[in-house]
Every structure is written in structure tokens, then in C-alpha cells.
1. Between a first residue in segment 364-392 that is over 13 Å from G288 (Cβ atoms) and a second residue that is basic (K, R) and more than 16 Å from the ligand (Cβ to nearest atom), which pairs have beta carbons less than 8 Å apart while being 6 or more apart in sequence or on different chains?
2. Select from segment 443-483 the residues that are of a type in the set (K, R) and closer than 16 Å to F112 by Cα and list them in ascending order.
3. Out of everything in segment 268-311 that is hydrophobic (A, V, I, L, M, F, W, C) and part of a strand (DSSP E or B), what residue ends up being nearest to the ligand (Cβ to nearest atom)?
4. Taking the condition of being more than 6 Å from the ligand (Cβ to nearest atom) and under 24 Å from Y5 (Cβ atoms), how many residues in segment 209-224 meet it?
5. Any chance you could count how many residues in segment 340-352 are out of contact with any Asp or Glu (no Cβ under 6 Å at 6 or more places or on another chain) and either surrounded by 21 or more Cβ atoms within 10 Å (Cβ to Cβ) or part of a strand (DSSP E or B) (or both)?
6. Looking only at segment 232-267, count how many residues are out of contact with any helix residue (DSSP H, G or I) (no Cβ under 9 Å at 6 or more places or on another chain), within 15 Å of the ligand (Cβ to nearest atom) and not in a helix (DSSP H, G or I).
7. How many residues are in contact with a Gly (Cβ under 9 Å, 6 or more places away or on another chain) and not in a helix (DSSP H, G or I) if we restrict to segment 20-50?
8. Within segment 186-195, does at least one residue satisfy the condition of being within 14 Å of the ligand (Cβ to nearest atom), touching a residue at least 40 places away in the same chain (Cβ under 8 Å), closer than 24 Å to V446 by Cβ and in contact with a helix residue (DSSP H, G or I) (Cβ under 8 Å, 6 or more places away or on another chain)?
Amino acid sequence: MMQQYDLYVDGQARVAATGERFESFDPFRGKPWALLGRGGPDDVNAAVDAAHRAFHDPAWRGINATGRGRLLSQLGDLIAENAERLGRIETRDNGKLLAEMLAQVRYIPQWFYYYAGLADKIEGSVIPVDKPKMFTFTQHEPLGVVAMITPWNSPLLLAAWKMAPALAAGNTIVWKPSEFASVSALEFVTLVERAGFPPGVVNVVTGFGPEVGETLVTHPKVAKIAFTGGERSGQRVYELAARGLKRVTLELGGKSPNIVFADANLDNAVKGVISGIFAASGQTCIAGSRLLVQRSIHNEFVDRVVTFAATARMGDPSDLATQVGPVTTRPQYERVLDFIESAKREGARCLLGGGPATRPECGEGWFVEPTIFGDVTPAMRIAREEVFGPVLAVLPFDDDDDAVRIGCDIPYGLAAGVWTENIGRALSMAKRLEAGTVWVNTYRAVSYMVPFGGYKRSGIGRESGQDMIHEYLQTKSVWIDTESEVPNPFVMR
Ligand code: NAD
């Protein structure tokens, strides 16, 4: 029997208005394992109405900032208690390694604790305005209903990045998780209720992008869209949101360079390169999918990366010893294989892998062999487009200028890695690379305290850190005239 899930609206389970359901697949077994409600416009309307009512209801509006912080802390505690269960659900649903999903879910409470602490420290200011009879101050207010749209690769982590600050700021939420990995969202939302948030503050509508996502983005009562996903859907969301002049934050894809200089600690650099591309089967927006190696060490270093990657253990993602799991969705699996074929056609040299994984331990799952291409030129598709799979493109460079030129010669700018023992070079590269995050002698590090987001086509706005709470607030300026008499009404004050 497959587990069945309904939508979650106004504090209750809701059967989708059409009565339809769709299947959620287990990528390791290549078989469906859960049935989800197929939400549509009626469900979105009901969820937004519930969130809008909750936004104005004293049951939520009347809780002061310290109280909101307390609720967020309680939710953080509940997530910590349920982390093992939620992590296992995510692995079942998206096929990523249990070791990775457990680490992610165990880290999520920190976002709730951090923004719990920030909730009652959102302060306006008194402005010593240039008009002496005026008393002028600012206050920061929530926006209203926030639509959260999230992808399948890190379902709860990426939701937490949005939900914790949005709630700390006093907003309410309608969340559309990915159609490929929604089960953890529906389990998670029951914790929101248990933490004591009033009904309607967080709602979940499962379903597909065009049906649920677009209705949500264009709904007149939605004030802001916080989106993480692919570039094409991000563009569509941005266009639709523009019609309603809505606020938007977009976390999109990347084609991040991992740059290894001859003066690097090469043992560490090999591990950093591997973790950047193969750890999550390449299914991470920050994948270091372009390896740039200084020419003087190119052949030796690439040999070492190939040798290391060839030892990766593939198989059941819920086995903690597995190092590379399946690709999450069937269309994505086919897309990755198509990229591999196009790289071969364009003349890249396949140094490792280069096709589907048929090892017995991969069973019926959608596995792609860890793949490394040499002789890649910056113009090839494999060097320019996001693969979102375990495929690494290797490009040589001569010096710092060359590394910056090749590193930045793409439309994206999410992240970059630099491997060097020279601090001056590290700082100079950090300054020159066009990316929202630059890691030096490390890769794939994130924290609730550190802003994250993209340059160029990798996104708009930031998540995490103190300042980004303002992505969920608007500023009101209040003027009080202390003069007893209104002067000439025909002249601007
Ligand atoms: P996707 O764009 O296909 O889907 C993301 C979400 O958007 C899903 O919930 C989907 O249903 C919804 N959606 C799709 N079309 C829509 C539309 N027209 N209107 C409204 N919503 C719509 O992305 P995905 O395949 O789930 O995730 C992979 C992508 O996400 C990759 O490109 C990856 O780089 C990106 N990503 C970015 C970050 C980041 O923080 N920058 C993090 C993780 C993933």
C-alpha cells in the first residue's frame, strides 16, 4: 500500500478540489512509493485565502515579536527531534544520500533558532530629519502572504531558508514543494502546527508548476514569491510576478568553477573537487561542475581526480556507506545522459564514466556513472550549461588572469572554489570572481549566518544572514508634525 497525502490548508488536511492524485517516485527503486494530492487553482485560492486571513487575524498578528521567536524555537526543537525520520523520507523521495539528507535536516533547526533570536531585534530608527518641527521614524512591517516555491534536491533545507525569516518577520506562507519530492513538506507542516503556530500561517499545496505555481505567483493576495529552482522556471516566475509588481527572490542554477592553482595543497584540492561534483550526484545548484586546473599540474592533478572518483561506491542511498546515489527524476536522468552524448559529439575526451551505471548494486535506479571530460573548451555545451548530474568538465588555464577570464565567462555566478596556499592570490581571486559565494580551500560550506545567492543569472536577492530578513519586510516612514499650525498648504513641506 502506498502512503497517501493530502494538501494542508488552514490547519487541516485538504483533499485536492479535483480529487486527483499523482505518484511520487523512489529514484533508487524507480517505482512510486507515495500518492500526493494534485492541487489546482481552487486549492491555491483556498490556501491563499487562509494565509491572508491568518495574516490579519489577531491569533497571529497579536503575537509579538518575542512570541514569534518562541514559536520558531519550538519548531526548531521539533525538527531536531524528528530529523532522522524526515531525513529518511527525503532520501526515499529524492534518492540523495541518507548521510547528506540527515546532515541537512539536523542542521535546519539552526535557521529557526537564528531567526527566532532576530525576530525581536528588527528595529526601525528615529531620523534626525532636517525639518526641526517634525518627529520622523521608520518601522519595518511584514509583507503579507509569501509564496514559497522549492525544488526537489534539498526540499526542507531550502524551504527553511525562506520559512524561518518569513515567519520571524510576521508573514504567512503558502508553500508549493517540488512535485518530485513533496512528502517531507507534508510531514514537516504537521510540526509547524505542533509548535503552536495558528492555523493558516503555513499552508502546503502540492502539485505541478503550471497549475499550482503559476496560480500562486499571479494570485492578487500574494505579496512576495521566494523561489528556488531552475533558470527557465525562475524566468517564468519573474515575468508573471512582474505583472503584479510583486517582490521576488530567486535562487537559480549555476555552472561554478572550481579553480586549482599549482601552489595548492593538492591532496585537499582533490577531495574538494570530488565533493563539489560527485557528493550529491551533482544535483546541487552549487556543484563545482567546471574544474579549472593550472596547466603546469594539469595532467598529474586530473589523473588523481579520476583515480579518486573511480573508487566512489554507488548504490542504495539509504546505506550510509554509499557515496554516489541515483539521479532524482527520470527526465533529469535522460537529460544528464544527453549532456554526456553532446560532450562526446563536440570532441570532449571522456576520462571516466560516460553513461548509465549498470553495476548490480544500482538495481533499477536512475544511476549515471561519475563522469569526467577532459579537452573541454569554454565554448562547449558541457562547459556552459548546468547539467545537474555527476558530470565534471575539465579546462586548463595558464595564470590568474586566465583563470578569472575562463571562470567568469558564463552567464551564471552562484559560487566558485579557489585552491591555493598563497593568501594574496586567494584574496585577489575572491575579489575578481563574479560569484555570490567564493570558497577558498573548501567547497560546499553554507551557514544560517552567511548570505547566500547568485550573481548574474544565478538569482536575485540573498538567503540566510541578518540582512536578508529585509527581503520579507517593508519599511514605513512615519512623520509627526509637532507644530501647532499647518503652514501654507500650497507649498510642499
Ligand atoms: P524547477 O525549476 O523545475 O522546479 C522548481 C520549483 O518550481 C518546483 O516546485 C516546480 O514545480 C516549480 N515550477 C516549475 N515551473 C513553474 C512555473 N511555471 N511557475 C511556478 N512554479 C514552477 O527546478 P528543479 O528541477 O526542481 O530543481 C533544480 C534546479 O534548481 C536547478 O537548476 C538548480 O540549480 C536549482 N537550485 C538552485 C538553488 C539555489 O539556491 N540557487 C538550490 C537548489 C536548486
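The values are calculated or read from the model by the stated rules, or taken from the named source; none is laboratory data. Predicted, not measured: the structure shown is a model, and the values here were computed from it. Ideal geometry is used to build each Cβ from the backbone, glycine not excepted, and the neighbour counts take in all protein chains shown. We work out accessible area using only protein heavy atoms, side chains counted, and drop any ligands, DNA or RNA first. Shrake-Rupley method; radii C 1.70, N 1.55, O 1.52, S 1.80 Å.
1. E364/R29; E364/K31; G365/R29; F367/R359; F373/R349; G374/R349; D375/R349
2. none
3. First, the residues of segment 268-311 that are hydrophobic (A, V, I, L, M, F, W, C): 269-270, 273-274, 277-280, 285-287, 291-293, 297, 301-302, 305-306, 308-310.
If we keep only those that are part of a strand (DSSP E or B) too, we end up with 291-293.
Details: L291: 18, L292: 20, V293: 24 Å.
Looking at residues that are hydrophobic (A, V, I, L, M, F, W, C) and part of a strand (DSSP E or B), I get L291.
4. Total satisfying the criteria: 6.
5. 5
6. Qualifying residue count, segment 232-267: 1.
7. Keep residues of segment 20-50 that are in contact with a Gly (Cβ under 9 Å, 6 or more places away or on another chain), which gives 20-22, 25-30, 36-40, 43-44, 47, 49-50.
Right, trim to not in a helix (DSSP H, G or I) and you get 20-22, 25-30, 36-40.
Qualifying residue count, segment 20-50: 14.
8. Scanning segment 186-195 turns up no residue that is within 14 Å of the ligand (Cβ to nearest atom), touching a residue at least 40 places away in the same chain (Cβ under 8 Å), closer than 24 Å to V446 by Cβ and in contact with a helix residue (DSSP H, G or I) (Cβ under 8 Å, 6 or more places away or on another chain).
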